[in-house]
Amino acid sequence: MPDLEIQELFNAVQTGLLLCDHDCRFVFANTVALDFFSRAGLEMSDQPCHKALFGSDARCEGCLAGGENQAAGMRHALTIKGQGGDIYLKVFCQGWRKQYLLTIHEVTQEISLLRRSDLDRKELQAKNMLLERRRRLNQEEQEFLSQLMDNLPDALIAVDDNFLVQRQNKAVLDMFPSQSISHCYTLFGNSAPCPDCPAQRGFSEANGQKKSHETGGRVYTEIFSVAPNGKGGLLLFRDNTRQVDLIGQIRGQREEIASKNKVLSLLVDFGIYLQKGTGIKDVAGYFLDAILPDLHAGAAGLIINDIRAGNIWLSHQSGMTTEEWKTVTKACMSRDLQRFKSDGLLVDTVLPWRKSSQIPLVGAQGQRVGLVLLEGSLEPEALEVLRLVTEPMGAYFQNQLLLRQLEEKANRDALTGLFNRGYLTQALEEEQEKLRGYGIHYALVLGDINQLKKINDQYGHETGDRLIVTVAEALKSTLRNTDIAARTGGDEFIVLLTNSTEDDASCFIERLQEQVFSGLNIRLPDGTEFPVTVSLGKAGTDRHPPEVLAKEADRQMYAAKERFYATAPRYR
C-alpha cells in the first residue's frame, strides 16, 4: 500500500489508476477507478487484475509481473457489459516501484460516435440511391413537359411556393435576354417579392389574377395560375408595350391639354383677384392656399420687402414650424439681401429643407421686391409655369410698395427731409416686434442743437434754419440704409440705430463729434463762422427696456448739454 501522500496524489488524478503487486492483486485503486468498477459491476477484492478486468484465470500474454522488461508498458482494449450498456476501455500497464500501475481510459463516447457516424453514412447512401432512382423515373416526364412549354409563344415560368424558378421555356430567354433568373421577381430587378404581388398569400388566391410590370422601357402583363400538382404556380408573361404606349400617348395628350387649361384658369382667376383691390395679406394667402397647391406639392413661404431696409413688410408660409419660419424671416432682414437686386437669394443653410427652390419676385423696373420659397427642386417646365403666376404678383407688390413710398413722403420734415415723429413712432413699433420675435436689439440717439435760439435772435430764423439743415445733412451722411433720422422739434433730432447695442450708439456719437461736427461751421450774415455743436445722448435695448429708452437718452443728452454750457456762456 503506497503512503498517504501518494494516495492523495492518485486520488487527485481524473483518470482511473490501479496499483497491483507481483501476484497481480490490487493494492490500491483511486476514486475514479473505484467509481468505474462500481458502474461496471466488477469485483476487486481477492482477485488478480486479469480476473477482475478480463475474466481470465491466466495472466495476460506478456504480463510484466515476473517479466524481464518491466520498464516497458502494455496496452489492452477491453469491452465490458455494464449495467447501462457496453463500456469500452483502454488499459495501460507499466511497472512502478516494483509494483504495477494500471491506467484506465474510458472511450465509450468516442466508440459510440464512430458507430453512429457509420450508421448515418450508410443511411445517406441508401437515401441517395432512392433519390437517383426517382430522378431517373421522372426524367422522361420532365423532358415531355419542357417540350410542351417551349412550344408556347408566351414566356412561361414554373415556380415553387417561395417563388424559386423550377422551370422556364425558351420564350423567357427571348423576352428577357439579359436577365439571370433565380426567382421570378429577379426578372424586374427586385431582391424580394414584387410589391402587391397577388401570390404572396398563396397561388390558390392568385389564380387567374393579373399584374403589370415595367422594366427596360417595356411593359409586361403577368398572369397567375396554380401549378397542376398544387405546389407553386405557373406565371405567364406577355409583352404589352405597344398597346400601353398607344394608350399612354392618348392619355398624355389629354393630360397636357387639361394641365394647360388648368394653368390658364389659375392665371385668369389670380389676375381677377389682384384687380379686386384686396389687401396684401389676402393676396399672399390666396397665392399660397388657393393657387400654389395646384402647381407645387410641399411647404412654401412668401417674403415681401419693406421700403425701409432691414424690415419685412409681409411674410406668409404654409407647411413650416414657427421656429423654422423665424429662422428664414430673420435671414431675410439682412441688408445685403434687401438691396432690391433681382438675383438676391437666401443661402440654402437657413432653409429647413434638404432641397429647395427660390423664385425672386421682380417688379416692372427689374427690382426684387420679395421671394417665393419652395420645398424641393423644380423642373424647368414647372418653374416656367410658376413664373407665369409670380410675374404679375411681383408687379402687384411693387405697386403697393410705390404707394407706401408716396405715403412715406408725407411723413418727411419739409425743412430737413428727415422723417417726422409719426414715422419714427411706427418704425419704433416695428423694431420692438423684431426685438420680441428675434432678439434683435436697437438703440436711440437724441440730439439737441446748441445755441440755436441765439442764432435765431441775432441773425434771424433763415440763418437758424440753415443751422438746422446743416445738422440734418451731417446726420444723414453717417447713417446706414437701415437707420432712421427724424426731426421731432425745432432743434431736436432722434436717430434710430437698428440692430445695434448701446455701445454701438456710443461709437456712433463719438464718430459724430470727432469726425462730423468737429470743425463744422456755418457762415453768418456778418461774415463770421459759427461752430456747429450738438449735445447727444444714447440708450440701447440691451441695457434698458424699450419704454424708457427715449427718457434715458434724453437724460444723457441734457447731461451733455450741461457739460457744454460749463465751458460756453448761456444765452438767455
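The values are calculated or read from the model by the stated rules, or taken from the named source; none is laboratory data. Since this is a predicted model, take the numbers as computed values, not measurements. All Cβ positions, glycine included, derive from the backbone under ideal geometry; neighbour counts span all protein chains shown.
Out of everything in region 537-552 that is out of contact with any Phe, Trp or Tyr (no Cβ under 9 Å at 6 or more places or on another chain) and not charged (D, E, K, R), what residue ends up being surrounded by the most Cβ atoms within 10 Å (Cβ to Cβ)? Going through the qualifying residues, I end up with Ala539. Between Ser500, Ser477, Ser518, the distinction of being among the small types (Gly, Ala, Ser) and crowded, with 21+ Cβ neighbours inside 10 Å belongs to Ser500 only. Residues of region 399-413 that are outside any helix (DSSP H, G or I) and over 13 Å from Ala486 (Cβ atoms): Ala410 alone. Residues of region 328-356 that are surrounded by fewer than 17 Cβ atoms within 10 Å (Cβ to Cβ), closer than 26 Å to Tyr396 by Cα and either in contact with a helix residue (DSSP H, G or I) (Cβ under 6 Å, 6 or more places away or on another chain) or modelled with pLDDT of 90 or more (or both): Lys330, Ala331. Close Cβ contacts (under 6 Å, 6 or more residues apart or on different chains) running from residues in region 529-555 that are without any contact (Cβ under 8 Å) to a residue 24 or more places away in the chain to residues that are surrounded by fewer than 20 Cβ atoms within 10 Å (Cβ to Cβ) and aliphatic (A, V, I, L, M) are absent. Only one of the numbered conditions (1) without any contact (Cβ under 8 Å) to a residue 60 or more places away in the chain; (2) surrounded by 16 or more Cβ atoms within 10 Å (Cβ to Cβ) is violated by Leu17, and that is (1).
Within region 205-224, does at least one residue satisfy the condition of being closer than 30 Å to Val389 by Cβ and either assigned to a loop (DSSP other than H, G, I, E, B) or basic (Lys, Arg) (or both)? No, the conditions are met nowhere in region 205-224.
Between Ile303, Ile307, which is touching a Ser or Thr at 6+ places or on another chain (Cβ under 7 Å), surrounded by 12 or more Cβ atoms within 10 Å (Cβ to Cβ) and hydrophobic (A, V, I, L, M, F, W, C)? Answer to the check: Ile303. Listed conditions (1) in contact with a Lys or Arg (Cβ under 9 Å, 6 or more places away or on another chain); (2) of a type in the set (Val, Ile, Thr); (3) more than 30 Å from Cys332 (Cβ to Cβ) are all met by Thr482, apart from (3).
Of everything listed in (1) over 40 Å from the mean Cα position of the chain (by Cα); (2) on the phi < 0 side of the Ramachandran plot, the single unmet condition for Pro198 is (1). Which one of these does Asn229 not meet: (1) surrounded by 15 or more Cβ atoms within 10 Å (Cβ to Cβ); (2) closer than 30 Å to Arg201 by Cβ; (3) over 39 Å from the mean Cα position of the chain (by Cα)? So Asn229 meets the others, but not (1).
Kindly indicate the residue of region 20-35 that is touching a residue at least 60 places away in the same chain (Cβ under 8 Å) and in a strand (DSSP E or B) and also surrounded by the most Cβ atoms within 10 Å (Cβ to Cβ) among those meeting that condition. Across region 20-35, the extreme among qualifying residues is Cys20. When the residues of region 300-327 are filtered to those that are over 17 Å from Ala284 (Cα atoms) and of a type in the set (Val, Ile, Thr), the one that is modelled with the lowest pLDDT is Ile307.
Gly464 meets the conditions (1) at pLDDT below 90; (2) surrounded by 14 or more Cβ atoms within 10 Å (Cβ to Cβ); (3) in a helix (DSSP H, G or I) in every case but one. The failed one is (1).
Only residues that are within 29 Å of the chain's Cα centre (by Cα) and among the β-branched types (Val, Ile, Thr) were counted across region 345-389, and they come to 5. The residues of region 357-384 that are crowded, with 18+ Cβ neighbours inside 10 Å and either among the small types (Gly, Ala, Ser) or in contact (Cβ under 8 Å) with a residue 40 or more places away in the chain (or both), listed by number, are Ser357, Leu361, Gly363, Arg368, Val369, Gly370, Leu371, Val372, Leu373, Leu374, Glu375, Leu378.
Tell me, yes or no, whether region 550-562 has at least one residue that is outside any strand (DSSP E or B) and more than 29 Å from Leu435 (Cα to Cα). The answer is yes, given that some residue of region 550-562 is outside any strand (DSSP E or B) and more than 29 Å from Leu435 (Cα to Cα). Among residues of region 414-430 being among the aliphatic types (A, V, I, L, M) and not in a helix (DSSP H, G or I), the one that is surrounded by the most Cβ atoms within 10 Å (Cβ to Cβ) is Leu418.
Yes or no, residue by residue, for (1) over 26 Å from Ser377 (Cβ atoms); (2) of a type in the set (A, V, I, L, M):
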| residue | (1), (2) |
| --- | --- |
| Asp245 | yes, no |
| Leu302 | no, yes |
| Asn305 | no, no |
| Ile312 | no, yes |
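Kindly evaluate Ser357 against the criterion of being closer than 27 Å to Ala427 by Cβ, outside any loop (DSSP other than H, G, I, E, B) and among the hydroxyl-bearing types (Ser, Thr, Tyr). For Ser357, the condition - closer than 27 Å to Ala427 by Cβ, outside any loop (DSSP other than H, G, I, E, B) and among the hydroxyl-bearing types (Ser, Thr, Tyr) - is not met.
If you go through region 183-199 and keep only what is assigned to a helix (DSSP H, G or I) and either loosely packed, with under 13 Cβ neighbours inside 10 Å or among the small types (Gly, Ala, Ser) (or both), you end up with just Ala199.
Looking across Val283, Val244, Val268, one residue alone is within 39 Å of the chain's Cα centre (by Cα), closer than 27 Å to Leu388 by Cα and either not assigned by TED's automatic domain parsing to the domain that holds Ser500 or not in a helix (DSSP H, G or I) (or both). It is Val283.
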